[in-house]
Amino acid sequence: MSSILVAKRRDDYRPSDFFIDTVDISFILSPENTEVCNIMEVTRNISGCDILKLDGEQLNFVSLMINGRLAKENIDYTLHENGLDINLDVDHATLEIKNTISPINNTSLEGLYYVSGAYCTQCEAEGFRKITYFLDRPDVLSKYRVTIICDRPELTYLLSNGNKLEDTLLEDGRRKVVWEDPHRKPAYLFALVAGHFDRLEDSFTTSEGREVLLEVFVDSGRLHQAGHAMSSLKKAMKWDEDTFGLAYDLDRYMIVAVDFFNMGAMENKGLNVFNSKFVLAEPKSATDEDYFNIESIIAHEYFHNWTGNRVTCRDWFQLSLKEGLTVFRDQRFSEDMSSALGCRIKQVKVMREHQFAEDAGPMSHPIRPDEVLEMNNFYTVTVYDKGAEVIRMLHTLLTPAGFRRGMDLYFARHDGQAVTCDDFVQAMEDANDANLSQFKLWYSQSGTPEVKLALEQNQLRLTQTNKPTPDQAVKQALYIPIKLSMLDEKGLEHTVDEEHLGTFVLSQEAATISLPERLQHGVPVILTDFSAPVKIDYQYTLDEILHVLRFAQSHYAKWDASQMLYSRLIRLAYDSNEDNDNDNNSDNNNDNNKYNAGQIQSLTNLIEYLEQATLPDDVVAQILCIPSFETLAIEYTQLNPSRLQSAHQELTLLLARTAKDCCERRLKEQRVLPYRYEQSEVNRRTLFAVCIRLHVLALSQEGKGNDLLSAYAQADNMTDKLALLKAAQQADINAFDALMIDFEEEFGHDAVVMDKWFALHATAPRDDILSRLDLLQAHSQYSVKNPNKVRALIGSFAFYNTQGFHAADGSGYKYVVDFLMKLDAINPQVASRIITPLLQMNRYESTYKSLIESQLSRLFTQKNLSKDLFEKLSKTLA
Ligand code: PHE
Ligand code: ZN
């Protein structure tokens, strides 16, 4: 096996032998052959080291000068596949390295790439080494000066980090722009963008009195879609000053929207690059969810300026230092800007739907991983979202004021440094005089803890189980804050933890809480607000779940109770389908048979409660949503996906019938106003989407149609249109086809909007889905080189088209693997994301498992397999 297929370990960290103090880098841009000249001042850090090992990948070396003298190959330096080793037995030197690169042939979208007439860079995590030879590691901080020379006057903007020093027309007609970033930074925060854009300008005066120029660059003709991004940026700047006392530190803040991007967005210093879907919005083309995501991602990248850029990571194992913390910060921001409950539910859904699955699969890793083969594989829901949950627990345990003290100390100590997660926790400890040594296990231990709760006569017993994961056999008890209360028989809610603050800390394997007599027949309300990223095991009866739904004070707890009820009913249907599978005489189609009268009644009771309670629209909407297939799947071992899919569908239909009047009434009550993105309207539209979907389902069961077409024609916004399309997709396939044609006619020109169209097609439950996918890949708006298109079409199919993907003959699996074989050579990072659902192989029943296994084995033998896929496949097939 080649040496690059050996994983790196966190424990092997060593400080860099050399530092690079300044970088003076020039680019002569050309799509096929860009010339790079990189002048660096280097300093020896570890005495005795006499070889400077620079990283470099896919570069054409031209020349090296050491202190003004032309260096000779094999005497002064050696070149190899992954870089350049320079013999350097001095404490200081000036190096000048020339190389060329080919941006137009760079389909990986990492390094410098050229696509649809614009140049763009992406350097995190290790992309700078595809631009020039460098110490491409985040603990090497340098001051950058960047010169961009371009002979194409139509590229109106030549951008890089920091302040613009010079913009001149050279005698030969070429343009030269020079930028300087006064802040030292790691190479992964470098950026260069050159293209023709429209520009939206605004300004913000910081609390320190700095006047900041704000600029949003978008494709020409889209200026009217940039306003929401700009106002989100200003809100984020203000919020970070108000909440954490953090102000912006440059005179210019630029955001560029590009159509070809591997991720959501990137926090390059002073020059954020965004996937255009997280910038562009107008009511006609963007949903409420898009508006929400734009606001939160703009904030996320802005918040990185302090948590990530001013204080950065020592090494990539510490990624959660910046990502977990910054996700937590953007979550708090969104909670303040919109509905806190709605935000929390979204966050919890991400954990239960995606993170729990990752932690139960072959890629299970702690939020601070110990071993990495391909760093791009570790931008995960674990590092990001579980990382944010860990920060949130600190915030809960230390209180908001204590957390703020810890943040202040963290910046006071580490501004301008590259540090570790331990440094962060140390600041939290020192600022609060707290002992977080057991808490820190959250950083090193992988897997989802399970907390079992038992109501014994006069006490509650809590037990935590931390099962072994593929990466870690031995686990320890974690420090788990559990928000907990008890409802008495009358429905009065009582705190039960010793300090009566409502949060019990389970720090040992088991603990008990004694109960006063009046609570000995009560019902626990547990893990309210998802106070820790754990699973709860408590054997509620259906009536007890309804008791929580009715009487818990917290809307979150009510929602969580509804989810428990649905999961329980689906489990019952799943188990009864299993019996039916073994008994050919039974009638599989009559879903009423799956449930006894009491079980059906529990659903009726839930709807009755919704009708009589006065809950906000968004809470009702959330309570009417059944957990997704993916969320449920994690609860099953030896899963038969098609059986779960049927059970899910059966409950959906039963809910639609039970809630028919409720939905009808709420649909009638809707007072439609012209579109505005504001919370009460968002809540109303959310409820509309849920009700219309259930209602259309209920009608279609009665053989009746619904006039979706005219409702669609009347909708003035994308949120309602998409709601109607989804309703049609699930219940009325003729209306769906008609609406999709209409949609394509209206939005066929808009790449961002068409992603929704591709995704709707890809998730439609239809028997000919694979030939549909073939046709869609031939669509003029589709391109295998564009990650958004690939995710919208093939990604949506693999993640969310349960019926097609898990087809019993294995054709869905084969389709995705055939596609991955092609995609891996073009863009391995995207291929490595699309493969995710297949990694769950070991949790499926043997027939499905072996179908997936044979496809993955076929992929594994592919020639020139990327490191990205190699790492995941070798772990899955191990
Ligand atoms: N650092 C980016 C963010 O979280 C994500 C990213 C990672 C983007 C790697 C591109 C490449 O905001
Ligand atoms: Zn981030």
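Quick check for me: using +1 on Lys/Arg Cβ and -1 on Asp/Glu Cβ, what's the dipole size of region 167-236 about its Cα centre, in debye to the nearest 20?
On the way: 10 positive and 12 negative charges, 53 e Å.
So the dipole magnitude of region 167-236 works out to roughly 260 debye.
For region 183-287, build the charge dipole from Cβ charges (+1 Lys, Arg; -1 Asp, Glu) around the Cα centre, then report which of HIS183, PHE217, GLY195 sits farthest towards its positive end.
Most positive-ward Cα: GLY195.
Between region 520-576 and region 697-726, how many Å separate their Cα centres?
The two parts, judged by their Cα centres, are 32 Å apart.
Please say if the chain is rounded, prolate or oblate, where rounded means a/c under 1.5 for a ≥ b ≥ c the square roots of the C-alpha gyration tensor eigenvalues, and otherwise the choice is prolate for a/b larger than b/c and oblate otherwise? Intermediate values should be presented prior to the final figure.
On the way: a/c = 1.69, a/b = 1.46, b/c = 1.16.
Prolate.
Using the Cα centre of the chain as the reference point, and only Cβ charges (+1 on K/R, -1 on D/E), how large is the resulting charge dipole? Debye, rounded to the nearest 20.
Working: 90 positive and 128 negative charges, 73 e Å.
The calculated dipole for the chain is roughly 340 debye.
I need to check one value: relative contact order of region 71-228, counting alpha carbon pairs closer than 8 Å and at least 6 residues apart, in percent. Show your work: numbers first, answer last.
On the way: 265 pairs, mean separation 28.4, N = 158.
Across region 71-228, relative contact order equals 18 percent.
Go through TYR443, ALA431, GLY402 and say which Cα lies farthest out towards the positive end of the charge dipole of region 363-460; charges sit on Cβ, +1 for Lys and Arg, -1 for Asp and Glu.
Result: GLY402.
How do the peptides 626-636, 185-195 rank, highest first, by the average count of neighbouring beta carbon atoms within 10 Å per residue? Show your work: numbers first, answer last.
Numbers: 626-636: 19.5, 185-195: 24.4.
Top to bottom by mean Cβ count within 10 Å: 185-195, 626-636.
Give the long-range amide H neighbours of ASN640: residues separated by 5 or more places, or on another chain, with amide H under 5 Å away, using H modelled in the peptide plane at 1.01 Å from N.
Amide H neighbours of ASN640, under 5 Å, 5+ apart: GLU845.
Mind giving me the FRET efficiency for THR399 and ALA340? R0 is 22 Å, r the Cβ-Cβ distance, nearest 0.05 is fine. Walk me through the intermediate numbers first.
On the way: r = 17 Å, r/R0 = 0.78.
In this case the efficiency is close to 0.80.
With a 10 Å Cβ neighbour count serving as the proxy for reagent exposure, in which order, fewest first, do VAL690, VAL474 appear? Could the numbers behind the result be given before it?
Working: VAL690 23, VAL474 7.
Least to most surrounded, the residues fall as VAL474, VAL690.
With a cut-off of 8 Å between alpha carbons and a minimum separation of six or more residues, what is the relative contact order of region 472-533 in percent?
Values: 95 pairs, mean separation 27.3, N = 62.
Result for region 472-533 is 44 percent.
Which ³J(HN,Hα) values, rounded to whole Hz and listed in residue order, are derived for region 285-292 from phi using the Karplus coefficients 6.51, -1.76 and 1.60 in 6.51 cos²θ - 1.76 cosθ + 1.60 with θ = phi - 60°, glycine and proline given as x?
Using θ = phi - 60°, the values come out as 10, 10, 8, 3, 5, 4, 4, 4 Hz.
How big is the dipole moment of region 1-126 about its Cα centre under a simple scheme where the beta carbon of each Lys and Arg is +1, that of each Asp and Glu is -1, and everything else is neutral? Debye, nearest 20, please.
Numbers: 9 positive and 21 negative charges, 23 e Å.
Approximately 120 debye in magnitude.
State the answer as a single residue: which of LEU453, LEU478, VAL496 lies farthest towards the positive end of the charge dipole of region 450-547, with beta carbon charges of +1 for Lys and Arg and -1 for Asp and Glu, about the Cα centre.
LEU478
If you stretched the chain out fully between THR43 and GLN638, how much longer would it get, using 0.36 nm times the residue separation minus the C-alpha to C-alpha distance? Spell out each step's value before the answer.
Working: separation 595, 0.36 × 595 = 214.20 nm, distance 5.74 nm.
So the extension gain works out to 208.5 nm.
Please sort 789-802, 768-781, 816-829, 405-418 by packing, taking for each peptide the average over its residues of neighbouring beta carbons within 10 angstrom, highest first. Write out the running numbers ahead of the final one.
Values: 789-802: 22.4, 768-781: 14.6, 816-829: 19.4, 405-418: 16.9.
Top to bottom by mean Cβ count within 10 Å: 789-802, 816-829, 405-418, 768-781.
Let me make sure I get this right: for region 307-400, a, b and c are the square roots of the gyration tensor eigenvalues over alpha carbons, sorted descending. Under 1.5 in a/c it's rounded, otherwise prolate if a/b > b/c, else oblate. Which is it?
On the way: a/c = 2.09, a/b = 1.31, b/c = 1.60.
The shape class here is oblate.
Can you list the cysteines of the chain that have no other Cys Cβ under 4.7 Å away?
Singleton cysteines: CYS37, CYS49, CYS120, CYS123, CYS150, CYS313, CYS343, CYS421, CYS625, CYS662.
Expressed as an acute angle from 0 to 90° and rounded to the nearest 10, what is the orientation of the C-alpha long axis of helix 542-551 relative to the principal long axis of the chain?
70 degrees
Can you give the calculated 222 nm mean residue ellipticity of the chain, where each DSSP H run of n ≥ 4 adds -39,500 (n - 2.57) and the sum is split over every residue, rounded to the nearest 500 deg cm²/dmol? Working shown, then result.
On the way: 28 runs with 346 residues, N = 878.
Value at 222 nm, helices only, nearest 500: -12500 deg cm²/dmol.
Whole Å is fine, so just give me how far the alpha carbon centre of region 1-42 lies from that of region 488-509.
Using only Cα atoms to place each centre, the spacing works out to 54 Å.
What lysines does LYS53 reach when the alpha-carbon gap must be under 19 Å and sequence neighbours fewer than 8 apart in one chain are set aside?
Correct list for LYS53: LYS8, LYS72, LYS98, LYS130.
When we measure straight from the Cα of LYS490, which lysines land under 29 angstrom away, once same-chain ones fewer than 8 places off are left out?
List returned: LYS452, LYS535, LYS558.
Taking H as built 1.01 Å from N, whose amide H comes closer than 5 Å to the amide H of LYS8, not counting residues under 5 places away?
Excluding prolines and chain starts, which carry no amide H, the hits are VAL372, LEU373.
Could you tell me which of the pairs LYS346/LYS386; LYS143/LYS867; LYS269/LYS322; LYS176/LYS785; LYS785/LYS872 are separated by over 20 angstrom between their Cα atoms in the structure shown?
Details: LYS346/LYS386 14 Å; LYS143/LYS867 31 Å; LYS269/LYS322 14 Å; LYS176/LYS785 30 Å; LYS785/LYS872 22 Å.
Long pairs (Cα-Cα over 20 Å): LYS143/LYS867; LYS176/LYS785; LYS785/LYS872.
Need one word for region 450-600: rounded, prolate or oblate. Basis is the Cα gyration tensor (sqrt eigenvalues a ≥ b ≥ c); a/c below 1.5 gives rounded, then a/b vs b/c decides.
Working: a/c = 2.46, a/b = 1.41, b/c = 1.74.
In terms of gyration-tensor shape, oblate.
Here, each number is a calculation from the coordinates, and none is a lab measurement. What you see is a predicted model, and the numbers here were worked out from it, not measured in a lab. Reconstructed Cβ throughout: ideal geometry from the backbone, glycine too, with neighbour counts over all protein chains shown.
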